[in-house]
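Just below is one structure, and these are the notes that go with it.
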Amino acid sequence: MNEPRTPALTSRLPKVGTTIFTVMSALAAEHKAVNLGQGFPDFACDPALVDAVTTAMQAGHNQYPPMTGVPVLRQAVAAKIAALHGKQYHPDQEITITAGATQAIITAILAVVHPGDEVIVLEPCYDSYVPNIELAGGVVVRVPLTPGTFRPDFAKISAAITPKTRALLINTPHNPSATVWSKANMLALQDLLAPTDVLLISDEVYEHMVFDAQPHESVSRYPRLAARAFVVSSFGKTFHVTGWKVGTVAAPAPLMAEFRKVHQFNVFTVNTPVQHALAAYLANPAPYLELPAFYQRKRDLFRAGLANTKFKLLPSQGSYFQCVDISEVSDLNEADFCQWLTREVGVAAIPLSAFYGSGFDQRVVRFCFAKQDATLNAALERLQKL
């Protein structure tokens, strides 16, 4: 009798293995290291937000909501964008609630990228972008941000645009480098894309973490960019609830109509009581308006401690990340250094080379400071022994 046999298959993502985040978090747990690798808070969200979910459940908001998101939340999101950036999105036709920003990004790509279309990504970039494009049958075109400063190189972006270019992905504030795009950058991009039909996907999940009294230059502020863009954001990042996996997309109605065709079949909709809770919580803008100061204090605490080490600190203009140059600390490459740091010093970090398709190594690693002060101080005590 034949043994049961699982048929062989050809992988849709043959290059994808275990992510660096999983590897480093497992290593951190094994060695009881302070985990400053993965980008999520180790502190609680506002209890009022949790109470709002309970209230929504008790009020009976426990069945399927509309595919596009509950109306009160879409209205609150549209009002927030209008207040912050002066752009009026129609809450019924141009705002969709998503199962986190990651789902939003793959849905946008699947909605507009056809097999053979080229999509430009700016490296280093978040690890979901490239697999998303490949799943859509698109061709990934990698353009490096300027090494050292991580500023966009518009000459290189322009040179990468061909008649086959369908879309460009940008991310500000930027993960992993913690840089932010300036007004001048946005205006340059607007001029560059003006004569083309290239669509824009703008990953703005760290929008409320821009420091030193600088504004967040959302794509939605620039009419000629907004007209071709999907603008993605994340309640998980903003309200310290990454496990809730709720995000938003804003886009012109023709783009959103295509987005929703895919959205309805890959998740259909997002959990109801959390949507109602977020809508109620957004009535008070203070939590997100005060977030830059909240994280800037943590950034400054962490940077002050790192100043007592041999690390060279790179600017942290936004997000909740701090990158450092390890050249004066070790001769190891980034990946090996992060493993050594976790095992021998007891602090986990992420190599920037993990965010490049080529594994480009510039002797820079990333820490996350979205942690309790006690966590940051424990990490700094260990790092200062270097």
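Read-outs: derived from the displayed coordinates by stated rules, not from any lab. Predicted, not measured: the structure shown is a model, and the values here were computed from it. Virtual Cβ from ideal backbone geometry, glycine too; neighbours counted across all protein chains shown.
Descriptive notes on the structure:
- Most to least packed among 312-321, 86-95 [average Cβ atoms within 10 Å]: 312-321, 86-95
- If a spin label sat at a point 7 angstrom from the Cα of LYS156 along the line to its beta carbon, the backbone N atoms of the stretch 107-147 nearer than 11 Å would be those of 122-124, 142-147.
- Electrostatic tally near VAL246: other residues with Cβ closer than 13 Å to its Cβ, Lys and Arg +1, Asp and Glu -1, net +3.
- Counted charge near HIS208, where neighbours are those whose Cβ lies closer than 12 Å (Asp, Glu -1; Lys, Arg +1): -1
- For the chain, size of Cβ-based charge dipole, Lys and Arg +1, Asp and Glu -1, in debye: 200
- Candidates ILE157, ILE97, ILE350: whichever shows maximal mean-square fluctuation once the chain is modelled as a Gaussian network with Cα springs under 10 Å: ILE157
- Cα centroid of the stretch 179-195 to Cα centroid of the stretch 335-361, whole Å: 32
- Where a label projected 7 Å from the Cα of ASP212 along Cα→Cβ would reach, residues of the stretch 315-339 with amide N under 16 Å: 315-324
- Pairwise centroid distance, computed over Cα atoms, of the stretch 1-59 with the stretch 137-157, Å: 29
- The stretch 47-284, relative contact order [Cα under 8 Å, separation at least 6], %: 31
- DSSP-assigned coil residues among trypsin sites (Lys or Arg not before Pro) in the stretch 148-201, each with at most 15 further Cβ atoms within 10 Å: LYS164
- Hits among lysines - C-alpha to C-alpha of LYS87 under 20 Å, sequence gap 8 or more where chains match: LYS183
- For the stretch 292-386, applying the loop criterion from DSSP together with a ceiling of 12 other beta carbons within 10 Å to the GluC sites (Glu not before Pro) yields GLU328.
- In the stretch 231-326, Cα pairs under 8 Å separated by at least six residues give a relative contact order of 16 percent.
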